[in-house]
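Read through the structure below, which is laid out as structure tokens, and then see the notes.
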Amino acid sequence: METLEAIRTRRSVRSYTSEPIDDADLQKIIEAAASAPSGGNSQSWLFISVCEPKQIARMRAICPGIIGIPSGIIVLCLDFRGQKKEVLPIIKYLDIGAAMQNILLAAHDLGLGGCAIGSFHVEGVKEFLKIPEQVEPVLLIVLGKPRSIPSAPRKKLLQEIYFQESFEKI
Ligand SMILES: Cc1cc2nc3c(=O)[nH]c(=O)nc-3n(C[C@H](O)[C@H](O)[C@H](O)COP(=O)(O)O)c2cc1C
């Protein structure tokens, strides 16, 4: 799929078939995440995949943002081990956003549907996945073969959000 077409046609998919995610596809998706830009190339991220149906069912119980039953969940974490969390810039959270978009676009390119999930019980996920204290789950992405693809939600018009040369309208 051509890049701009992938960007334009990607949707947050929340309804999936029960088809499992191919291991090779999952590998490509994680490679796409790891190829994202990061401030100072710090790559302070970690990715945990969960594809076992029983594990997914338990994750759904602690992640209210998950709608539908996905075939896979990727947990995007920041690794603060060996670093003072308070001196780390917000940039690291932006890096997670870049990884998120690469994952969603790679999944779309592979014919999978994905959706970012910000609504989840952080401590519950940490405990369930045995994530160490200084590793912070920041975002989940659910994946699966789309059962249905929603139509595009309304996006703001460029006239509302885009300014050329200065903030002032000429
Ligand atoms: C950081 C972030 C967190 C999100 N959290 C959730 C969530 O918890 N549950 C959900 O169903 N969708 C979630 N979404 C998906 C948005 O609702 C979706 O991107 C938005 O409605 C626009 O639709 P589109 O992705 O199809 O363009 C999240 C998206 C982002 C970027």
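Computed over the range 4-77, relative contact order equals 45 percent, with contacts defined as Cα pairs under 8 Å that lie 6+ residues apart. About its Cα centre, the dipole of the range 84-166 is roughly 280 debye, where the only charges are +1 on Lys and Arg Cβ and -1 on Asp and Glu Cβ.
Charged side chains reduced to their Cβ positions (Lys and Arg at +1, Asp and Glu at -1) give the range 3-161 a dipole of some 500 debye around its Cα centre. Amide hydrogen proximity for Gly113: with H placed 1.01 Å from N in the peptide plane, the residues at 5 or more positions away or on another chain lying under 5 Å are Gly144, Lys145. Using Cβ point charges alone (K and R +1, D and E -1), the dipole size of the range 1-97 about the Cα centre works out to roughly 480 debye.
Sequentially through the range 106-117, phi angles give Karplus couplings (6.51, -1.76, 1.60; θ = phi - 60°) of 5, 4, 4, 4, 8, x, 9, x, x, 8, 6, 10 Hz, Gly and Pro residues having no value and appearing as x. Note on Glu160 and Ile62: their simple-model spin labels are 3.7 nm apart, each label 7 Å out from Cα toward Cβ.
Taking a ≥ b ≥ c as the square roots of the eigenvalues of the Cα gyration tensor of the range 72-170, is the shape rounded (a/c under 1.5), prolate (a/b larger than b/c) or oblate? Oblate, since a/c reaches 1.5 and b/c is not below a/b.
Shown is the FRET efficiency for His121 and Ile91, computed with R0 = 25 Å from the Cβ-Cβ distance and rounded to the nearest 0.05: 0.45.
Think of the chain as having a plus end and a minus end, set by charges on the Cβ of Lys, Arg, Asp and Glu; of Gly114, Ser148, Ile21, Ser148 sits farthest toward the positive end of this dipole. Normalised by the number of residues in the range 47-128, the average gap of Cα pairs under 8 Å and 6 or more apart makes the relative contact order 36 percent. Accessible surface computed residue by residue for the chain, with neighbouring protein chains in place and a 1.4 Å probe, gives 61 Å² per residue.
Could you tell me which of rounded, prolate or oblate describes the chain, using a ≥ b ≥ c as the square roots of the eigenvalues of the alpha-carbon gyration tensor, with rounded for a/c under 1.5 and, failing that, prolate when a/b is larger than b/c and oblate otherwise?
Cα axes put the chain in the oblate bin.
Here's the list of aspartates and glutamates a cross-link from Lys145 could span, going by alpha-carbon distance under 15 Å and ignoring same-chain residues fewer than 8 apart: Glu19, Asp22, Asp23, Asp25, Asp109.
Cross-linked pairs Lys54/Lys130; Lys84/Lys130; Lys28/Lys84; Lys54/Lys92: Cα-Cα separations exceed 23 Å for Lys28/Lys84; Lys54/Lys92. Each residue of the range 78-83 was assigned a 3J(HN,Hα) from its phi angle through the Karplus expression (A = 6.51, B = -1.76, C = 1.60, θ = phi - 60°), giving 9, 9, 9, 5, x, 10 Hz with x at Gly and Pro.
For the chain, carbon and sulfur atoms together expose 55% of the accessible surface, with a 1.4 angstrom probe and every protein chain in place.
A cut-off of 5 Å between modelled amide H atoms, ignoring neighbours fewer than 5 places along the same chain, links Leu139 with Leu76. Summed over qualifying helices (DSSP H, 4 residues or more, each -39500 (n - 2.57)) and divided by its residue number, the chain shows a 222 nm mean residue ellipticity of -10000 deg cm²/dmol.
Relative contact order, whole percent, for the range 1-160 stands at 37, derived from Cα pairs under 8 Å and 6 or more residues apart. Residues of the range 104-125 falling in the label zone of Ser35, defined by backbone nitrogen less than 19 Å from a point 7 Å along Cα to beta-carbon, are 104-114.
The values are calculated or read from the model by the stated rules, or taken from the named source; none is laboratory data. The shown structure was predicted, so the numbers you read here are calculated from the model rather than taken from an experiment. As a convention, Cβ positions derive from the backbone with ideal geometry for all residues, glycine included, and neighbour counts pool all protein chains shown. The area values use the complete protein model at the heavy-atom level, side chains included, leaving out ligands, DNA and RNA. Shrake-Rupley method; radii C 1.70, N 1.55, O 1.52, S 1.80 Å.
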